[in-house]
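In what follows, a single structure is set out as structure tokens and then discussed.
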Ligand code: F6P
């Protein structure tokens, strides 16, 4: 019987549990023994591993977080840490390893494959949507909807008090959460890491909005923008004379029950991982392009440049005038 391992690594993302469930149940369906590695690569180093059965993954599909727990393992990035992780894989006779995580986690899998010849398959799990080879990552849709819900609520109180509100969202160096939540939430401005921030233009937009009768101004700022959010709020208040508040959504964006979209993507990715393993394919990253599930070489996946929708970015300004 083929033995495979599965782990979640890096920041958790809603839908990771649905991916684990698909890997476990579809793997067992195809006569595989599935082992869950806890706390990502840390668990691989420590041998913190349990055999997973069909019932082990019952009632988890709808839950955010990850039943396997997760970590950002600095130890695994050292040759000694990776050596220990590899020893665990060898001792347990794990033939294939499914890694669910973002950029750093898939890079870890790639290095493990290159240095030690481990068969790895990567599944994109991160709210950031910052992997260039796939249109969507697991967790992104849920995070977007969470941010959208927050914007809707904040808009109510901003209108009531005629305030300007800066909402800081996650995404690392990627502005997707900020941009798409901004468009869907009717924000006046979005500040993205992909562009330099023009403070003058933001102040002008706020002032023009007030003059034209707007009750509120919503500014979505991606965390990757190299401007301190508190300083931004002070500057805006000073220059526009408005009452400006800051809301940092932070970890709120990572929790919650995954949306339909994230559950389906996670399920499809989990099943695809098993199919690749069955057919002896390795060193692949799974993703979704133009609505289809794809698998590309991990190396190419990690080098792929992210596309950017400039029209969508321009739309924020045009539609909020
Ligand atoms: O990668 C997901 C993410 O939530 C980023 O958006 C954010 O910058 C980071 O993780 C926060 O990481 P941590 O949980 O280590 O604070």
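The values are calculated or read from the model by the stated rules, or taken from the named source; none is laboratory data. Just so we're clear, the structure is a prediction, and the values are computed from it rather than from any experiment. Ideal geometry is used to build each Cβ from the backbone, glycine not excepted, and the neighbour counts take in all protein chains shown.
Among the residues of segment 300-321, what is the count of those that are farther than 30 Å from residue 189 by Cα and loosely packed, with under 14 Cβ neighbours inside 10 Å? So the answer is 2. Scanning segment 216-242 for residues that are touching a strand residue (DSSP E or B) at 6+ places or on another chain (Cβ under 8 Å), within 16 Å of the ligand (Cβ to nearest atom) and outside any helix (DSSP H, G or I) turns up 220, 221, 222, 223, 225, 227.
Residues in segment 126-145 that are within 12 Å of the ligand (Cβ to nearest atom) and in a loop (DSSP other than H, G, I, E, B): 126, 127, 128, 129, 130, 131, 137, 139.
For segment 129-147, check the following and say yes or no: at least one residue is closer than 17 Å to residue 248 by Cβ, buried (at least 17 other Cβ atoms within 10 Å of the Cβ) and touching a strand residue (DSSP E or B) at 6+ places or on another chain (Cβ under 8 Å). Looking for residues that are closer than 17 Å to residue 248 by Cβ, buried (at least 17 other Cβ atoms within 10 Å of the Cβ) and touching a strand residue (DSSP E or B) at 6+ places or on another chain (Cβ under 8 Å), one finds at least one in segment 129-147, hence yes.
Would you mention how many residues in segment 85-103 are buried (at least 18 other Cβ atoms within 10 Å of the Cβ) and assigned to a helix (DSSP H, G or I)? Reasoning before the result, please.
Step one: list which residues in segment 85-103 are buried (at least 18 other Cβ atoms within 10 Å of the Cβ), which gives 85, 88-89, 94, 96-103.
Now drop any that are not assigned to a helix (DSSP H, G or I), which leaves 85, 88-89, 103.
Summing the residues that are buried (at least 18 other Cβ atoms within 10 Å of the Cβ) and assigned to a helix (DSSP H, G or I) in segment 85-103 gives 4.
Tell me whether segment 47-64 contains one or more residues that are within 21 Å of residue 103 (Cβ to Cβ), touching a residue at least 60 places away in the same chain (Cβ under 8 Å), in contact with a helix residue (DSSP H, G or I) (Cβ under 9 Å, 6 or more places away or on another chain) and assigned to a loop (DSSP other than H, G, I, E, B). Spell out the reasoning first.
Here is the first cut: in segment 47-64, the ones within 21 Å of residue 103 (Cβ to Cβ) are 64.
Imposing the further condition that a residue be touching a residue at least 60 places away in the same chain (Cβ under 8 Å) reduces the set to 64.
Imposing the further condition that a residue be in contact with a helix residue (DSSP H, G or I) (Cβ under 9 Å, 6 or more places away or on another chain) reduces the set to 64.
Checking the rest, the ones that are also assigned to a loop (DSSP other than H, G, I, E, B) come to 64.
Yes, because at least one residue in segment 47-64 is within 21 Å of residue 103 (Cβ to Cβ), touching a residue at least 60 places away in the same chain (Cβ under 8 Å), in contact with a helix residue (DSSP H, G or I) (Cβ under 9 Å, 6 or more places away or on another chain) and assigned to a loop (DSSP other than H, G, I, E, B).
Could you identify the single residue in 171, 186 that is within 24 Å of residue 251 (Cβ to Cβ) and in contact with a helix residue (DSSP H, G or I) (Cβ under 9 Å, 6 or more places away or on another chain)?
Details: 186 fails: within 24 Å of residue 251 (Cβ to Cβ).
Just one listed residue meets the conditions, 171.
Condition first: within 16 Å of the ligand (Cβ to nearest atom), surrounded by fewer than 24 Cβ atoms within 10 Å (Cβ to Cβ) and under 13 Å from the mean Cα position of the chain (by Cα). Can you find one or more residues in segment 105-125 that meet it? Within segment 105-125, none of the residues are within 16 Å of the ligand (Cβ to nearest atom), surrounded by fewer than 24 Cβ atoms within 10 Å (Cβ to Cβ) and under 13 Å from the mean Cα position of the chain (by Cα).
Take the conditions more than 22 Å from the chain's Cα centre (by Cα), farther than 30 Å from residue 73 by Cβ, away from the ligand (no atom under 14 Å from the Cβ) and modelled with pLDDT under 95 and apply them to residue 208. Does it pass?
On the way: more than 22 Å from the chain's Cα centre (by Cα): yes; farther than 30 Å from residue 73 by Cβ: yes; away from the ligand (no atom under 14 Å from the Cβ): yes; modelled with pLDDT under 95: yes.
Yes, satisfied.
Please work out which residue is farthest from the chain's Cα centre (by Cα), limiting yourself to segment 84-96 and to residues that are in contact (Cβ under 8 Å) with a residue 12 or more places away in the chain and over 21 Å from residue 273 (Cβ atoms). Once the filter is applied, the top-ranked residue is 91. Please verify whether residue 66 is under 26 Å from residue 300 (Cβ atoms) and either crowded, with 24+ Cβ neighbours inside 10 Å or touching a strand residue (DSSP E or B) at 6+ places or on another chain (Cβ under 6 Å) (or both), treating the condition exactly as stated. The answer is no for residue 66. Of all residues in segment 264-315, those that are part of a helix (DSSP H, G or I), touching a strand residue (DSSP E or B) at 6+ places or on another chain (Cβ under 9 Å) and farther than 15 Å from residue 121 by Cβ total 2. Considering segment 1-33, the residues that are assigned to a loop (DSSP other than H, G, I, E, B) and more than 18 Å from residue 48 (Cβ to Cβ) include one that is nearest to the ligand (Cβ to nearest atom), namely 11. Restricting 148, 179 to those that are assigned to a helix (DSSP H, G or I) and within 16 Å of the ligand (Cβ to nearest atom) reduces the list to 179. The set of residues from segment 189-202 being buried (at least 19 other Cβ atoms within 10 Å of the Cβ), more than 16 Å from the ligand (Cβ to nearest atom) and either without any contact (Cβ under 8 Å) to a residue 60 or more places away in the chain or more than 18 Å from residue 234 (Cα to Cα) (or both) comprises just one member, 202.
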